[in-house]
Structure formats: C-alpha cells, structure tokens
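The values are calculated or read from the model by the stated rules, or taken from the named source; none is laboratory data. From a predicted model like this one, the values you see are computed outputs, not experimental measurements.
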Amino acid sequence: MSDDINDDNVSKGTVVREGRADADPLGIRRRRGGKKRAPSFTSEPGFEFDYKDPQQLRYFVTDRGKIVPRRVSGLTAQQQRSLTIAVKRARNIALLPYTSVK
C-alpha cells in the first residue's frame, strides 16, 4: 500500500496514487447522474406549454422557483424556450411564485 503512494504529495497533504492522473485528492470516484427524461406529454405533436396551467409548469420549476435547465429536464431547445416564456408569464400574473415561499 505504501509503495503506490507518491512521496511528493504526502508532504503537501494530498495523497495521489501513482498511475492515475485523474485521481482526486481523497481517492473518491464521482458518479455521473443519468439523464432525466422529459415527460411523455411533451413529446406529443403540437404540444405547447400553457401559462394558465401552473400544475404542468411546476414540474419544470424547482422548489426555490428556478426554471430547471435543459440538460436536467430533457427538453429540446425549442421546448425550453417555450417553457421559459410560459413560466415568466405565469409568474407575471401570479400563478407561479418568483421565489420559494417559506
């Protein structure tokens, strides 16, 4: 075990195993999360987000009131733009909160 620890890094307080350039200081491997799929109703032809339906929009808004990014929601770019417009309209007429209610 002590043979594979780099002596130069021990004095600096980090331990890096030799032969692994991508090793992080604590030796913990990070997992990548799976891509979240968009709900099936967004894949229907002719689907548009309706700003008057806050239940539908809440699925794409965090508990703090932020719009979920495209890489998380799984929407296309066009759907994400449509969602953003709908959420902003719903906020403007007070169907959705701008921030979390605590």
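Annotation note: of A77, A94, the sole residue that is of a type in the set (A, V, I, L, M, F, W, C) and over 19 Å from the mean Cα position of the chain (by Cα) is A94. Number of residues in segment 70-93 that are modelled with pLDDT of 95 or more and assigned to a loop (DSSP other than H, G, I, E, B) equals 1. Only a single criterion out of (1) modelled with pLDDT of 75 or more; (2) assigned to a loop (DSSP other than H, G, I, E, B) is not satisfied by Q55, namely (2).
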